[in-house]
There are 2 protein chains.
Amino acid sequence: MTATLPPAEIATGVMTWLSEFGDALAAGDPAAAAALFTEDCFWRDLIAFTWNIKTMEGPAAVEEMLAATLAQVQPSGWRITDGEEPADAGGVVEAWIDFETAAGRGRGHVRLRDGRCWTLLTSLYELKGHEEPQAPGRRPKGVQHGAIRERTTWLEGRQQEASELGVAEQPYVLIIGGGQAGIGLGARLRQLGVPTIIVDKRGRPGDQWRSRYKSLCLHDPIWYDHMPYLKFPDTWPVFSPKDKIADWLESYTKIMELNYWPSTEATSAAYDEAAGEWTVHVERDGQRMVLRPKQLVLATGMSGKPNQPSFPGMDEFRGDQHHSSAHPGPDAYRGKRCVVVGSNNSAFDICGALWENGADVTMVQRSSTHIVKSDTLMDIGLSALYSEEAVAAGMTTDKADMVFASIPYRIMAQFQTPLYEQMREKDQDFYDRLEAAGFDHDWGDDGSGLFMKYLRRGSGYYIDVGSADLVANGDVKLARGQVDHLTEDAVVLEDGTELPADLVVYATGYNSMNGWAADLISPEVADRVGKCWGLGSDTSKDPGPWEGEQRNMWKPTQQQALWFHGGNLHQSRHYSLYLALQLKARQAGVPTPVYGLQEVHHRS
Amino acid sequence: MTATLPPAEIATGVMTWLSEFGDALAAGDPAAAAALFTEDCFWRDLIAFTWNIKTMEGPAAVEEMLAATLAQVQPSGWRITDGEEPADAGGVVEAWIDFETAAGRGRGHVRLRDGRCWTLLTSLYELKGHEEPQAPGRRPKGVQHGAIRERTTWLEGRQQEASELGVAEQPYVLIIGGGQAGIGLGARLRQLGVPTIIVDKRGRPGDQWRSRYKSLCLHDPIWYDHMPYLKFPDTWPVFSPKDKIADWLESYTKIMELNYWPSTEATSAAYDEAAGEWTVHVERDGQRMVLRPKQLVLATGMSGKPNQPSFPGMDEFRGDQHHSSAHPGPDAYRGKRCVVVGSNNSAFDICGALWENGADVTMVQRSSTHIVKSDTLMDIGLSALYSEEAVAAGMTTDKADMVFASIPYRIMAQFQTPLYEQMREKDQDFYDRLEAAGFDHDWGDDGSGLFMKYLRRGSGYYIDVGSADLVANGDVKLARGQVDHLTEDAVVLEDGTELPADLVVYATGYNSMNGWAADLISPEVADRVGKCWGLGSDTSKDPGPWEGEQRNMWKPTQQQALWFHGGNLHQSRHYSLYLALQLKARQAGVPTPVYGLQEVHHRS
């Protein structure tokens, strides 16, 4: 380990590098700039240089990107962020940086090794001339002082907008799906002055959560879950119960003045290249309407459509059967025999709630699952960035998001693996008991644990809030194997095991988000856009080749003017900024040449 | 001016004083403690020593209070607040301090002059053993991890509480009035675990604002207006339009999980001394019910009941006439002749909105009014504590509230007068024009301006957001004098001036809050409690003798278990803490001997 340098020398090293880097960029010299990076370097750009979300790996990729973008981007003003001291940890110097481009203002993060750049994060946070109004000195007054004939009040203005948008005036953006992702993006677009409508088929904002099984609580702690602009109050519990988060989201749509159309289903959409706009048919409260937005965002859940399995005999089964997303909760199943097919988050939550309500429960494990105890995940996995302690130590949500964003996906597993080794050690007894009960447990293909599984495939894990013990101690019975068929009153596995059932829940997960595009637009467009989510890590359910970023999320796709938005609350919050700025730039006529539009390797 | 001492010596001086003060208190020696104060000293206590809101003036009053309270209060642990550097300004050393009592934890502020205490503020912020759950390390999980038979979900728990409280279980506190004051107090009581119901006669939370005239916006800026626990987001405008603040308050009641009964009118209340509880008759959605709370809080508006004047001929007048609180806004009065009786805030707002909508408007000024331009008030009057700049400089809302609270009312006018002299100078042209138009303008009896007028009488001023110019330039006509009578179609003044009118608005202010008690409980109780609001400053509409604190607000009254809560958003926010702690202490059985219960000098 390298000896740690004194603070002044560390800062000087960063300033020297920034100065040389800035000079090379100003001189329009991609080769000189690339020479300032290490051979194993990564440059992750969030729309500042590429108008894309893209990671360049290695100096050649850096040089190629700069050669294509430099003339347009005109970056300048590279400096260490005020009040942020660069730090040296084991020979890697880290610093927060600010910069500008022709179009906007950016911030980022740099890691230097021996005076050269190992990782660089660049992100745009606002467009020049289109700054958000809540910045210091720009906050709207809310009232126009003076005496003004025929003044329009706030309420009249809101009512007029609500009645005219989508009727007399077309929205620039249509967001389909009014969950936390859709409304968080809607809030940002409102602040940026982009006329936007959010449609959702459910009757009230928050119903996306209210309609789920009754024992559901968020598995991530509050510090991870803030929405843009409006933080949960300090009175909020650590893990939000589903109905409480639903009420919060409903209030959020009002507080942020969103044009939210409940009970509205989009039935078809087609893009008119010549006109540069979508034709979207919707049914609003049963009434058919046509919307013509310039941009269409699918925010219908990163999990995509429910993966409804098809087993022989399902039509003969006489009990209740439904996908986990349609499970009403345990109340009707007291004393009943319940078989839950699946062994990930939803399966465990549903098994636990059924058992708590006195049902006879069997879980069918079809493939191995990764389990981490919630408290352990909070302590070891999240506490440095998203915790009460982190907040007390001065970590803000924005900064935590940027720290997360600064780690290139290619090497993220290396950062994650040691944390999961700690977790395994801490809870060794728990894992021993689980495996003794016959549970097939894994730590991900490469041992990198839960978060990498989430990023790669969005499945294959359970954050244990108590139900795992029910399996370990046999209260919830465990069966392993594939389902062969159903009978009138049982689930039969391939090995012949017969599981008598009054209820079968298919906790069989979700398909890729582009399935929504297939239904709404066309199978052709869904295929052209390709699979959403995943990194191309060539691990289970995330086939290669390597993509470097999550497929199709928050960035341009192979279908012009079609965007996918979603992810967990942290991702929805952070990446909605970049998606909102991409949409705003297009609305405002700011040139947005996309560098390195992703190719499509998989259809779903 | 005394030369400023180096920081270490300043801190040493404060520590020495605190040490001597703490020793005298620990020794149970009121005389020794009082000897540490200057002859012109003030000790303002917010429930820490007195279980009252009380200012002791002079060492004898300090000694007397300590002699009565010390044995019970057992104060200790006097120290400078961590991270708060004492400062010396012109020979007055100021410091933030922490301390404890037997019952709870306190904080305060001290000003020393020549090593003795000139002003001391002591306040209790939490009760030992009854701390709010959102403190670090105590935040509720929101979910109980583990497998628990017959688990109750958050929603089930909330629904059960909502259906049982007031029916199967009686609330400890009943708050009448669900405006910002009532719900802010309700939120604090929820956090303290005090079963509370808030009733309001209007149909929806926020209707207190929605029902006002349509152009109304808050006259105080956002930094002054935060509710407890939940701050307005950065997207909020500086001056909240009435319907926007209404929506915020409606969301607040849900987010804070308040038991808010809309469409519920309290029709009578009586206190049963023997049972130690109130019998309150209410009509909820038209259904009669009886509530039996231990404590009753009137939060029906610090302004009290509308002061509806009675002029001869009002019954003959054929046009519309109503009190300003019932004014629907200008829409129906385009082209009509409108007479507004009064020249304070509501009168100006209503005149302005009527003029903006094309009405012919005359203001009747009956007595002099103090006017300050809103921007000037923000710049000079509020910017040090409640502004974007103050926040950027590290001023928190809590700290600003405490700074305000640290200035004894007796000398507050001295602090205020120079600010208003600056305002006069800045806007001299404006005042010249107003007076040239015949407007009778004043700066308060002693030149101390708007805030003192507010504290003393709650009336007599206008924060100008544009309408004053309409009077200055004659767009709104000005008549001066008293109303003599009305005819079929005119208002006639004492000097014979006849003002033709299709509409008369009586912007004639409000009576004392104890009028609510007269209606709800009895005239006898209202008289026993006496006038609310005002300081006894012996200035216009605030008769002496000197009270030292606002009459009857947020503290025990001459009627056991009856409390008055209200004030502007800043006061409601800050003093709701002390009112909530007084109520919690009584519920929890913590002894609360009241020192210096105020005497009643005026009935209304």
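Read-outs: derived from the displayed coordinates by stated rules, not from any lab. Remember, predicted model here, so these are calculated numbers, not experimental data. Note: ideal-geometry Cβ built from the backbone for every residue, glycine included; neighbour counts use all protein chains shown.
Taking the highest mean first, how do the peptides A:121-134, B:42-55 order by number of other beta carbon atoms within 10 angstrom per residue? List each step's numbers first, then the result.
Details: A:121-134: 18.2, B:42-55: 25.2.
Highest to lowest by the protection proxy: B:42-55, A:121-134.
What average number of partner chain Cβ atoms lie no more than 10 Å from the Cβ of the residues making up A:460-467? Each step should come with its number before you reach the end.
Working: counts 0, 0, 0, 0, 1, 6, 7, 3.
So the per-residue partner count for this stretch is 2.
Ranked highest first by the average count of other Cβ atoms within 10 Å around their residues, in what order do B:181-192, A:210-221 fall?
B:181-192, A:210-221
Dipole magnitude of segment A:1-60 about its Cα centre, charges +1 at Lys/Arg Cβ and -1 at Asp/Glu Cβ only, in debye to the nearest 20?
Dipole size: approximately 200 debye.
I'd like the antiparallel share, as a percent to the nearest 5, of DSSP beta bridges with both residues in the protein assembly as shown. Let's see the in-between values first.
Values: 104 of 190 bridges.
Among the beta bridges of the protein assembly as shown, antiparallel pairing accounts for roughly 55 percent.
Around A:E100, what is the net charge, scoring Lys/Arg as +1 and Asp/Glu as -1 over all other residues with Cβ under 14 Å from its Cβ?
Around A:E100, the surrounding residues sum to +1.
Between 0 and 90 degrees, rounded to the nearest ten: what's the tilt of helix A:409-426 against the longest Cα principal axis of chain A?
Result, in degrees: 50.
Run through the other copies and list how far each one's label point is from that of A:G137, in nm with one decimal, shortest first; the point sits 7 Å from Cα along Cα-Cβ.
4.3
Pairing the Cα long axis of helix B:154-164 with the longest principal axis of chain B, what angle in degrees results, from 0 to 90 and rounded to the nearest 10?
70
Sorted by packing (mean other beta-carbon atoms within 10 Å per residue), highest first, where do A:69-82, A:345-358 land?
The densest-packed peptide leads the list: A:345-358, A:69-82.
Roughly what % antiparallel, to the nearest 5, for the DSSP beta bridges in chain A?
55
Rounded to the nearest 500, what is the 222 nm mean residue ellipticity of chain B from helices alone, with -39500 (n - 2.57) per DSSP H run of 4+ residues and division by all residues?
Calculated mean residue ellipticity at 222 nm is -9000 deg cm²/dmol.
Taking the Cβ of B:A526 as the centre, find all other residues whose Cβ is under 15 Å away and add up their charges (Lys, Arg: +1; Asp, Glu: -1).
So the surrounding residues net to +2.
Calculate, in nm to one decimal, what A:T487 and A:V167 gain on full extension: separation in residues at 0.36 nm each, minus their alpha carbon distance.
Values: separation 320, 0.36 × 320 = 115.20 nm, distance 5.22 nm.
Length gained between A:T487 and A:V167: 110.0 nm.
Taking a point 7 Å out from Cα toward Cβ as the label site, list the nm distances between A:A8 and the same residue in every other copy, smallest first.
The answer, with the shortest distance listed first, is 2.3 nm.
Calculate the length of the line joining the C-alpha centroid of segment A:337-369 to that of segment B:180-210, in whole Å.
With segment A:337-369 and segment B:180-210 each reduced to a Cα centre, they are spaced 42 Å.
So what's the protein assembly as shown giving for Cα Rg divided by 2.2 N^0.38 Å, two decimals?
1.03
Which angle from 0 to 90°, rounded to the nearest 10, does the C-alpha axis of helix A:345-356 make with the longest principal axis of chain A?
In chain A, helix A:345-356 runs at an angle near 40 degrees to the longest axis.
How shielded is A:239-251 by partner chains, expressed as the average number of their Cβ atoms within 10 Å of its Cβ atoms?
Values: counts 7, 3, 8, 3, 6, 8, 2, 1, 6, 3, 0, 2, 8.
What the average comes to for A:239-251 is 4.
Report the residue of chain A with the smallest Cβ-to-axis distance, using the rotation axis that brings A onto B, in whole Å.
Closest to the axis: A:S251, 2.
Set the Förster distance to 35 Å, then compute FRET efficiency between A:S268 and A:T396 from the Cβ-Cβ distance, nearest 0.05.
Calculated value: 0.25.
Scan around A:I97 for amide H atoms under 5 Å from its own, H built in the peptide plane at 1.01 Å from N, and keep only partners 5 or more places away or cross-chain.
Here A:T81, A:G108, A:H109, A:V110 satisfy the definition.
Return the whole-Å distance between the Cα centroid of segment A:213-236 and the Cα centroid of segment A:533-580.
Between the Cα centres of segment A:213-236 and segment A:533-580 lies a distance of 23 Å.
So, in Å, what gap is there between the alpha-carbon centers of segment A:444-468 and segment B:78-141?
Comparing the Cα centres of segment A:444-468 and segment B:78-141, I get a distance of 47 Å.
Can you give the mean number of other chain Cβ atoms that lie within 10 Å of the Cβ atoms in peptide A:135-143?
If you average over the peptide's residues, the count of other-chain Cβ atoms is 6.
Between B:D519 and B:E316, what is the label-to-label distance in nm when each label sits 7 Å out along the Cα-to-Cβ direction?
Reported label-point gap for B:D519 and B:E316 is 3.0 nm.
Under 20 Å from a point placed 7 Å out from the Cα of A:D442 along the Cα-to-Cβ direction: which residues of segment A:369-393 have their backbone N that close?
Flagged as within label range: A:369-373.
What net charge do the residues around A:M423 carry, taking every other residue with its C-beta under 12 Å from that of A:M423, with Lys and Arg at +1 and Asp and Glu at -1?
-3
Step through the residues of segment B:171-188 one at a time and calculate ³J(HN,Hα) from phi using the Karplus curve (6.51 cos²θ - 1.76 cosθ + 1.60, θ = phi - 60°), rounding each to whole Hz and writing x for Gly and Pro.
The phi angles translate into x, 6, 10, 10, 10, 9, x, x, x, 4, 5, x, 7, x, 5, x, 5, 5 Hz.
Can you pick out the pairs among A:K254/B:K294; A:K399/A:K426; A:K541/B:K254; A:K541/B:K231; A:K305/A:K477; B:K399/B:K453 whose Cα atoms lie more than 32 Å from each other?
A:K254/B:K294; A:K541/B:K254; A:K541/B:K231, as the Cα separations exceed 32 Å there.
Defining the label point at 7 Å along Cα→Cβ, can you sort the distances from B:D446 to the same site in each other copy, shortest first, in nm?
7.5
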